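The values are calculated or read from the model by the stated rules, or taken from the named source; none is laboratory data. Remember, it's a predicted structure, so these values are computed and weren't measured experimentally. Here the Cβ positions follow ideal geometry from the backbone for every residue, glycine too, while neighbour counts run over all protein chains shown. The area values use the complete protein model at the heavy-atom level, side chains included, leaving out ligands, DNA and RNA. Shrake-Rupley method; radii C 1.70, N 1.55, O 1.52, S 1.80 Å.
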Amino acid sequence: MLVSSVLLPLKAGAEACPFADPQWNVVYKLFPLFRTGGLGKTFELEALEDGGGYDMFTQDATLLQTIEKLMVLHDAGACPTEIVGIDSMFDYLVVKQPLAFPHQELAADRNAAVRTVHAVPCRERFKRATWILWEHGCAWIMSDLHQGNIMRDFQGCPTIIDALLAPLPPAIINSSRLLTEHVEDAHALRMGGTAPRRRAFEDVCDDDL
C-alpha cells in the first residue's frame with residue numbers, strides 16, 4: 001500500500017518493500033515494523049533430539065538483529081548497503097543499495113556470489129540449503145539465497161542483495177564435526193587463506209564413522 005510520486009515500486013519481499021530511484025540508480029528498501037513488534041526476519045536453530053540434524057525456525061527479528069544482519073552482509077562483501085535511518089513516524093527502517101539486475105544462471109551466479117563473501121556450503125543436515133561465513137569475529141549461518149536474492153551489479157558480477165542470517169551458537173558448532181570444520185574453513189577464507197584439505201577417513205575418529 002506504499003506509493004511514491006518519484007520512486008518506482010519493485011516486487012516486495014518477506015522483509016522489505018523496495019523502491020528504485022532511476023535517476024541515481026539506487027534502490028531504497030523499507031523494512032516495516034510489524035504489529036508484533038518485530039522488524040525483518042531471522043531464524044533460530046535447534047538440534048533434533050534423534051541426532052538427525054537441525055531444525056531452522058524463521059521468526060521476526062528485532063531492529064538490532066536486522067541492522068546487524070545488514071552490516072554483516074555489507075562487510076562480508078555482499079551488495080553494498082547503506083543504513084539511511086528510521087522514518088519520522090518510526091514505522092520503517094530505510095536502507096539503500098545500488099541498483100542491481102537479474103541473475104543469468106541461478107546456480108552459477110549463486111556460487112560466485114557465495115565465493116565473494118567467503119562462505120562455504122554447509123553439508124550438515126538442515127531442512128534448507130545453508131552456508132557458513134565468518135565475519136565480525138564470529139560464525140554466521142546463511143540461508144534463503146533464492147532467485148530474488150541473487151542478482152548482478154553494474155559490473156555484471158553476481159552479488160547477494162539479501163539473505164536470512166543468524167549467528168551460529170558455539171554449542172551448535174561444537175555439537176557437529178561438520179559444522180566445526182565449516183567454521184574453520186570460513187574463518188581461514190576470511191583471513192585470506194585457503195580452506196584446509198582434509199583426508200577422507202584417516203583423520204576421523206572411528207566413533208564418527
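Excluding ligands, DNA and RNA, what is the solvent-accessible area per residue of the chain at a probe of 1.4 Å, expressed in Å²? Write out the running numbers ahead of the final one.
Details: 12020 Å² over 209 residues.
Computed with neighbouring chains in place, this is 58 Å² per residue.
Below 8 Å between Cα atoms, with a sequence gap of 6+, how large is the relative contact order for the chain in percent?
16
In the full protein assembly as shown, how much of Met71 is accessible to a 1.4 Å probe, in Å² to the nearest 10?
Surface accessible to solvent at Met71 totals approximately 90 Å².
Mind checking which aspartates and glutamates have their C-alpha under 20 Å from Lys127, skipping anything on the same chain fewer than 8 residues away?
Glu44, Glu46, Glu49, Asp50, Asp55, Asp60, Asp144, Asp162, Glu181
Find out how many positive minus negative residues lie around Gln104, taking Lys and Arg as positive, Asp and Glu as negative, among other residues whose Cβ is under 12 Å from that of Gln104.
0
Excluding Gln59 itself, what net charge comes from residues whose Cβ is under 14 Å from its Cβ, given Lys and Arg +1 and Asp and Glu -1?
-4
Pulled fully out, how much extra length does the chain show between Ala47 and Phe90, if you take 0.36 nm times their separation in residues and subtract their Cα-Cα distance? It would help to have the intermediate numbers written out before the result.
On the way: separation 43, 0.36 × 43 = 15.48 nm, distance 3.66 nm.
Extra length from Ala47 to Phe90 when fully extended: 11.8 nm.
With no solvent and one point on each alpha carbon, what is the Debye value of log10 I(q)/I(0) for the chain at q = 0.08, 0.19 Å⁻¹?
-0.31, -1.45
Please list, in order along the stretch 12-18, the HN-Hα scalar couplings obtained from phi with the Karplus expression 6.51 cos²θ - 1.76 cosθ + 1.60 (θ = phi - 60°), rounded to whole Hz, x for Gly and Pro.
Here the 3J(HN,Hα) series is 6, x, 5, 10, 9, 10, x Hz.
Please list, by residue number, every one of the GluC sites (Glu not before Pro) in the stretch 1-77 that is coil in DSSP and has at most 11 other beta-carbon atoms within 10 Å.
Glu49
Please determine, in degrees from 0 to 90 and to the nearest 10, the orientation of helix 106-116 with respect to the longest principal axis defined by the Cα atoms of the chain, where the helix direction is its Cα long axis.
Here the helix axis deviates by roughly 80 degrees.
Please report, in whole Å, how far the alpha carbons of the stretch 91-209 spread along each principal axis, starting with the longest.
Projected onto its principal axes, the Cα set of the stretch 91-209 covers 51, 35, 29 Å.
What fraction of the Cα pairs in the stretch 78-128, stated in percent, has a spacing above 14 angstrom?
It works out to 71 percent of all Cα pairs.
Where the accessible area of the stretch 78-209 is counted over protein heavy atoms with a 1.4 Å probe, how much of it, in %, is carbon and sulfur?
The value for the stretch 78-209 is 55 percent carbon and sulfur by accessible area.
Can you tell me which lysines have their Cα less than 19 Å from the Cα of Lys69? Leave out same-chain residues fewer than eight positions away.
Lys29, Lys41, Lys96
Farthest toward the dipole's positive end in the stretch 9-72, which of Thr66, Trp24, Gly52, given Cβ charges of +1 (Lys, Arg) and -1 (Asp, Glu) about the Cα centre?
Farthest towards the positive pole: Trp24.
With the chain treated as a Gaussian network of Cα nodes joined by springs under 10 Å, which of Arg123, Arg152, Arg115 yields the largest mean-square fluctuation?
Residue with maximal mean-square fluctuation among Arg123, Arg152, Arg115: Arg123.
Express the relative contact order of the stretch 22-87 as a whole percentage, based on alpha carbon pairs under 8 Å and six or more residues apart in sequence.
Relative contact order of the stretch 22-87: 23 percent.
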